[in-house]
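The values are calculated or read from the model by the stated rules, or taken from the named source; none is laboratory data. This is a predicted model, so every value here is computed, not measured. Ideal geometry is used to build each Cβ from the backbone, glycine not excepted, and the neighbour counts take in all protein chains shown.
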Amino acid sequence: MEKVLDRSEVKKENQWDLERIYQNVDYWQEDYDKCKSLLDELLDLKEHFLDDSKHFKDFILLDDKLERLLEKVYVYASLKNNEDLTNPQYQELIGKSLNLYQEIGEKTNFVRPAILKEDKNKILGFIDEEKELEPFRYTIMTLLRYKDHSLSEKEEKIISAYATVLDSASKTFDMLRGADMRFGNILDEEGREVELTESSYSIFLRSHDRNVRKNAFLQLYKVYEGFKNTLNSTLEAVVNNHSTTARLRNFNSSLELGLFGDNIPTTLYKNLIDSVHNHLDSLYKYYDIKKKLLGVDEYHLYDVYVSVVPGINKKYSFEEGRDLVINALSVLGDDYINILKTAFTDGWIDRYPNRGKSSGAFSSGSYDTLPYVLLNYTETYNDVSTLAHELGHSMHTYLSNQNNDYVNARYSIFLAEIASTVNELLFSYYMEKHSTDKKEKLAILNERLDLFKATIYRQVMFGEFELFIHEEVDKGNILIADKLSDYYYELNKTYFGDGVSVDREIRYEWLRIPHFYSPFYVYKYATGLSIASYIVKNILDGTEGFTDKYLEFLKSGGSDDPLEILKVIDVDLSDTKVFDDALEMFDDTINSFINSKD
């Protein structure tokens, strides 16, 4: 595992099998060209597609066929590119795919406003008259929800034309943070002078040398403070854009617009914040334990990310990791496991690092491909956990595709992290239960605690700040850097409590959070883990019939609104119960950690 191989040196059994999509690039090119032909056919139907039910049916079915093929074409190009980012042929494939997506999007952007312009009963009547349109009922009903929030055709064209201009603030932020900002040098653990970057910062914060993490913390935020007015301006542009859109489209608030796509009530967002506030004592207890284990008089924000227990040094071969994951997930039943096993035998997984391969891990596929998994497996505990996590995504996709028409198979982002996190938690609990080594068990519990802290508490803190800045702009107030920094500082004091020294420099952390440029997204991380916690508790408690309900949830895809699909597993997010239960699981894990430590 020490030598990084060229892609050509990687054994076939360690690669995903993309030949199941296309045997070679020539076959890919045929479908690429076919997409262009289907687009021409679709545009030929443009003038009359709303004349009657038959014309509407022909158009919708052809549009569906084009989208489905385009997705397959793109996924193949993307996966080939990710297996070797240096290969010019694959760079060309992904470039052509993205250009094709853009071309089709631009030439078919008339569809949505044209449908919304029509009488709702006319469109629904088309579905009633044409049996083949029935699978599209939910998708079309979802589109029609926007009818009261749509503008005239001329106004929609103007907004569409300005989309690129309005997105420029996000691009400016990305370029400034990723390319132009310089953070200088610091001394590492060996006393060597090394460059501080956004990437290396997270590594330095985990250093066991306190001076290293302190210096990295102070130096990074000193630079951000120097850019506070510029970065305040880029964020304000994004928030103003969102607020203006909400107002023009007749939404009551920016928050309502942000949640409208998933048909989520604004009360859910605020319930989530309330639940976290009601369980901050558990977070304070977590930080108190870390402070004692670090043996410091004052526990600072630059101490938060350093591990307080030894890591798991044990190595797990891929085969050992596979067996652990299968055993951990066996509680989901034979049907689930039998499908899961094929992931290891039928070419779903690209296992090891190779030169030029994309870093990290992900699950990706289309309706007409396998739900592939990219790994960079190096035999660590985290690699095995990542394997379980990504297979959760892939199994969700597989079961969704197998049980739905194409149009209803793609599930909402609101639901996307649930199945993966269920697998990750089941693996964590399995490893905790079967560990015979005290240090290993502490490390497992510590990983779980960090997951809850990062995914619920931290993301909800971000969500609370995000709500504040959008409400300020909705009220007509100007976003001022110092005022936002003051608010963010007080918010940190609330979330960290009196037992943590909340350093002044954290006032500027909001300036570097990229998710704030995608309004009202981060709360989905917290809801996903909360729902996953509920599922895992019921599975491990052996709640009668619950595993079958969970599998039905995985099979539901995107056939209904997320909150309706969650009713399959008896999840009701109209109150705080699911969020409260998740945070009680966090507290239970703290207690297990304390008991294992003693």
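Quick look at the numbers
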{"quantity": "Filter result for GLU193 (without any contact (Cβ under 8 Å) to a residue 12 or more places away in the chain and in contact with a strand residue (DSSP E or B) (Cβ under 7 Å, 6 or more places away or on another chain))", "calculated": "yes"}
{"quantity": "Residue check for GLY105: at pLDDT below 95, closer than 27 Å to LYS157 by Cα and either assigned to a helix (DSSP H, G or I) or over 24 Å from the mean Cα position of the chain (by Cα) (or both)", "calculated": "yes"}
{"quantity": "Filter pass, GLU544 being closer than 26 Å to GLY261 by Cβ, free of Cβ contacts under 8 Å to residues at least 60 places away in the same chain, of a type in the set (D, E, K, R) and surrounded by fewer than 22 Cβ atoms within 10 Å (Cβ to Cβ)", "calculated": "no"}
{"quantity": "Residues being farther than 23 Å from SER37 by Cβ and not hydroxyl-bearing (Ser, Thr, Tyr) - total across segment 89-111", "calculated": "2"}
{"quantity": "Residue within segment 497-508 that is surrounded by fewer than 22 Cβ atoms within 10 Å (Cβ to Cβ) and either among the hydrophobic types (A, V, I, L, M, F, W, C) or at pLDDT below 95 (or both) present", "calculated": "yes"}
{"quantity": "Residue within segment 39-50 that is modelled with pLDDT of 95 or more, under 20 Å from TRP348 (Cβ atoms) and surrounded by fewer than 19 Cβ atoms within 10 Å (Cβ to Cβ) present", "calculated": "no"}
{"quantity": "Filtered residues of segment 174-188 (kept if of a type in the set (Asp, Glu) and outside any loop (DSSP other than H, G, I, E, B))", "calculated": "ASP174, ASP180"}
{"quantity": "Some residue of segment 226-248 being over 19 Å from TYR162 (Cα atoms) and within 23 Å of the chain's Cα centre (by Cα)", "calculated": "no"}
{"quantity": "Close pairs from segment 471-494: first outside any helix (DSSP H, G or I), partner of a type in the set (Gly, Ala, Ser) and surrounded by 12 or more Cβ atoms within 10 Å (Cβ to Cβ), Cβ under 9 Å, at least 6 apart", "calculated": "LEU479/SER233"}
{"quantity": "Selection status of GLU83, at pLDDT 95 or above and farther than 22 Å from GLY356 by Cβ", "calculated": "no"}
{"quantity": "ILE264 being in a helix (DSSP H, G or I) and closer than 30 Å to GLY558 by Cβ", "calculated": "no"}
{"quantity": "All positions within segment 274-319 that are in contact (Cβ under 8 Å) with a residue 40 or more places away in the chain, out of contact with any strand residue (DSSP E or B) (no Cβ under 6 Å at 6 or more places or on another chain), farther than 19 Å from LYS453 by Cβ and among the charged types (D, E, K, R)", "calculated": "LYS314, LYS315"}
{"quantity": "Qualifying positions in segment 30-51 - in contact (Cβ under 8 Å) with a residue 24 or more places away in the chain and of a type outside the set (A, V, I, L, M, F, W, C)", "calculated": "ASP31, TYR32, LYS34, LYS36, LYS46"}
{"quantity": "Check on LEU551, part of a helix (DSSP H, G or I) and either touching a strand residue (DSSP E or B) at 6+ places or on another chain (Cβ under 7 Å) or buried (at least 20 other Cβ atoms within 10 Å of the Cβ) (or both)", "calculated": "no"}
{"quantity": "Residues satisfying the stated conditions in segment 563-598, i.e. free of Cβ contacts under 8 Å to residues at least 24 places away in the same chain, farther than 15 Å from ALA443 by Cα and of a type outside the set (Asp, Glu)", "calculated": "LYS567, VAL568, LYS577"}
{"quantity": "Pair list, Cβ < 6 Å and 6+ apart or interchain, from segment 68-83 residues that are more than 13 Å from TRP16 (Cα to Cα) and of a type in the set (Phe, Trp, Tyr) to residues that are part of a helix (DSSP H, G or I) and at pLDDT 95 or above", "calculated": "TYR74/SER97"}
{"quantity": "Segment 132-144 residues that are touching a residue at least 24 places away in the same chain (Cβ under 8 Å), paired with ones that are among the hydroxyl-bearing types (Ser, Thr, Tyr) (beta carbon under 7 Å, 6 or more apart)", "calculated": "TYR138/SER559"}
